[in-house]
Each structure stands twice: as structure tokens, then as C-alpha cells.
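*Asks:* First, the structure itself, so that you have it in front of you.
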Amino acid sequence: MARPTTLDLLGKVLKAPPVPAIPPGRVLELPGRGTTYLVDTGGHDDRPPLFLLHALACTGLLTWYPCIEALTRRYRVVVYDQRWHGQGIRDGQFDLDDCADDVAAVADALGIDRFLVAGYSMGTLVGQLTWRRHPDRVAGLVLCAGATHFAEEHRQQAVRRTGARIAAFAERQHRVVAEALDQTADQRWAWRQFRATPGAAVAGAASVLARFDSRPWIGEVDVPAAVVVTARDRLIPPARQRAMAGAIPLATSYEVAAGHIACVLAADRFRPALLAAVASVSSRAGALR
């Protein structure tokens with residue numbers, strides 16, 4: 001099968017759903033760590049806090065914007081840019097343990113004790129590690145388009161090459177799109193979000209993801225969990241996603257007939273599955289009360 005052309009990829013991006021009214025965000029200082037850009041829809045009410053962790057090469061808003069409005073009706077949604085992405089922390093090396101500790105640091109800064117975590121792709125790795133490193137903080141996990149590991153040893157180089165291709169595409173195409181297309185405001189917003197993460201950062205983070213492996217301990221997860229499987233995924237095989245669901249003792253599973261970027265390009269199919277998964281985890285966690 002021929003590799004998708006630049007125009008094919010642009011066409012997919014341009015079919016992304018319209019950008020709804022997004023709650024205002026702000027720069028948040030994390031003492032001793034750095035700053036990040038955060039949207040917090042909450043306040044002092046009874047809605048359970050839900051942290052949304054984004055995918056590789058994205059910002060928090062770019063991964064989750066089609067779902068934020070629906071989630072906000074039942075949850076206090078917290079979404080921010082993870083380190084090396086968007087307006088996230090840029091200091092030091094990219095390290096998944098640091099990413100997990102950042103989640104707890106954001107919760108501390110917002111005065112949140114326990115919370116639900118929903119991760120997408122790269123965000124599922126951070127979510128798993130957040131539970132492992134801060135088990136007293138995480139009340140439930142929702143893992144979307146993820147796995148316990150991204151690649152076997154012999155495929156790790158291929159994963160790194162994929163990250164490099166994503167980085168090169170991002171660096172090449174932002175000028176082409178800006179100059180050649182008559183973009184709508186929504187398209188310009190999406191491309192600004194996509195361009196906010198440097199290509200070198202994407203490639204460096206991808207090499208770290210390739211080494212992740214939670215199989216030795218994923219069976220110890222003792223909080224309610226749900227897995228949203230992207231059943232037409234060519235980056236993370238659906239069988240590997242289902243295996244993760246089977247390895248977590250308290251996990252339920254939801255399938256979406258879409259590929260790896262279902263969160264945006266198949267949002268109408270992904271959103272109901274996400275809402276069902278979060279509702280299942282939240283109810284089993286006692287809505288954090």
C-alpha cells in the first residue's frame with residue numbers, strides 16, 4: 001500500500017471537527033519544575049476531577065478539544081501541555097517518570113487530592129506511571145489508543161523512525177499550509193497547536209516511548225480502569241490494546257472503529273466511547289466522594 005502523501009495528510013487534518021468554545025486557559029507555575037499551559041474547567045463543586053493527558057506531537061487542547069465540552073458537564077476537566085510539548089515544561093531531558101510526577105504537581109497546584117486520569121496514546125503511558133508512582137492520588141484510569149509497550153525490541157527503531165517522520169512533517173508543512181491554503185479560523189487554530197511542539201522534541205520523545213514497558217507491573221493496578229480500543233489502529237495494533245485491557249484486573253473495554261487519531265478525525269465515534277469509559281470508571285470509583 002502506498003504511503004499517504006502530504007495532500008492526503010492535509011486533507012485528513014482539514015476534516016477535523018469544528019473547534020467549540022474552549023474555556024480560557026492560563027500559564028501555571030509548578031514550583032521547582034517549570035511552567036505549563038493549563039485549562040481547568042472546575043471550581044469548588046461536586047464534579048470529579050478528570051485529568052486529560054495528550055498524545056505525542058500534540059498539545060493538550062489539540063488531542064482533547066472535541067470532547068472537552070461533553071466531559072465538562074459531569075467532570076472538572078484539567079488539561080495541560082506535557083513537558084516538551086506546546087507550552088509545557090522544556091527543561092532537562094524528556095522522561096516519562098517526570099511526566100507522571102508533573103501530573104501530581106499540577107494537582108497540588110490546583111489543590112486537588114484524588115483524581116481520575118484519561119490518557120491518549122503517549123498519555124496512556126504517563127497515566128500508567130502516574131498510578132504507579134502516586135497510587136494514593138489516582139482514583140481511576142481511562143487508557144485510549146494505548147498499550148503496555150509501544151514496540152518489541154526489534155521494532156523500537158521503527159518507532160523512532162515514525163517519530164522522526166512526524167517531526168519532519170511538522171517542520172516542513174506549517175509554511176506550506178499557512179501560505180497555500182485559504183484556512184478557516186478553526187484550521188488556523190489547529191495548525192498553531194500542531195506547530196507548537198518542535199520537531200526535534202517529537203523525535204526525542206518518541207525514542208523514549210519506544211523503551212516503555214509496563215508489562216511487569218500492569219497487573220497490579222488496583223483502581224477502576226477502562227480501555228478504549230481504536231480497532232483500526234495501524235500504529236498500536238488493536239490486539240496489543242486488548243491485551244492491556246485483559247492484563248488490568250478491574251478494566252472494562254470499549255471499541256471504536258477508527259484509527260490512531262480517532263480522538264480528532266473520528267471524534268463522533270470516539271466521544272461516546274470515551275464518555276462511557278469515564279462514566280464507568282467514575283461510578284466504580286465512587287465519584288471520588
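The values are calculated or read from the model by the stated rules, or taken from the named source; none is laboratory data. The structure displayed is predicted, hence computed values, not measured ones. Because the Cβ atoms are built from the backbone with ideal geometry, glycine has one as well, and the counts that use them run over all protein chains shown. In case anyone asks, the SASA skips ligands and DNA or RNA and just uses the protein heavy atoms, side chains included. Shrake-Rupley method; radii C 1.70, N 1.55, O 1.52, S 1.80 Å.
*Asks:* Which of the residues belonging to the range 95-132 are of a type in the set (D, E, K, R) and out of contact with any Ser or Thr (no Cβ under 9 Å at 6 or more places or on another chain)?
*Replies:* Across the range 95-132, the qualifying residues are 95, 97, 98, 108, 113, 114.
*Asks:* Picking from 140, 86, 92, which residue would you name as being in contact with a Ser or Thr (Cβ under 7 Å, 6 or more places away or on another chain) and part of a loop (DSSP other than H, G, I, E, B)?
*Replies:* Criteria check complete, one pass: 86.
*Asks:* If you go through the range 268-289, how many residues are touching a helix residue (DSSP H, G or I) at 6+ places or on another chain (Cβ under 9 Å) and modelled with pLDDT under 95?
*Replies:* Total satisfying the criteria: 1.
*Asks:* Is it true that some residue in the range 271-288 is among the charged types (D, E, K, R), in a helix (DSSP H, G or I) and over 14 Å from residue 149 (Cα atoms)?
*Replies:* Among the residues of the range 271-288, at least one is among the charged types (D, E, K, R), in a helix (DSSP H, G or I) and over 14 Å from residue 149 (Cα atoms), which makes the answer yes.
*Asks:* Let me ask something else about it. For the range 220-264, which residues satisfy the criterion of being open to solvent by less than 50 Å² (accessible area, probe 1.4 Å), farther than 23 Å from residue 129 by Cβ and part of a strand (DSSP E or B)?
*Replies:* 256
*Asks:* Here's a follow-up. From 276, 267, grab the single residue that is among the hydrophobic types (A, V, I, L, M, F, W, C), surrounded by fewer than 16 Cβ atoms within 10 Å (Cβ to Cβ) and within 26 Å of residue 17 (Cβ to Cβ).
*Replies:* 276
*Asks:* Right, another one. Considering the range 200-219 alone, what residues qualify as being under 30 Å from residue 285 (Cα atoms) and either without any contact (Cβ under 8 Å) to a residue 60 or more places away in the chain or assigned to a loop (DSSP other than H, G, I, E, B) (or both)?
*Replies:* Those that are under 30 Å from residue 285 (Cα atoms) and either without any contact (Cβ under 8 Å) to a residue 60 or more places away in the chain or assigned to a loop (DSSP other than H, G, I, E, B) (or both): 212, 214, 215, 216, 217, 219.
*Asks:* Pull out all pairs, ordered by first then second residue, where Cβ-Cβ is under 7 Å, the residues are six or more apart or on different chains, the first lies in the range 84-96 and is over 10 Å from residue 197 (Cβ atoms), and the second is acidic (Asp, Glu) and open to solvent by less than 100 Å² (accessible area, probe 1.4 Å).
*Replies:* Matching pairs, first to second residue: 89/102.
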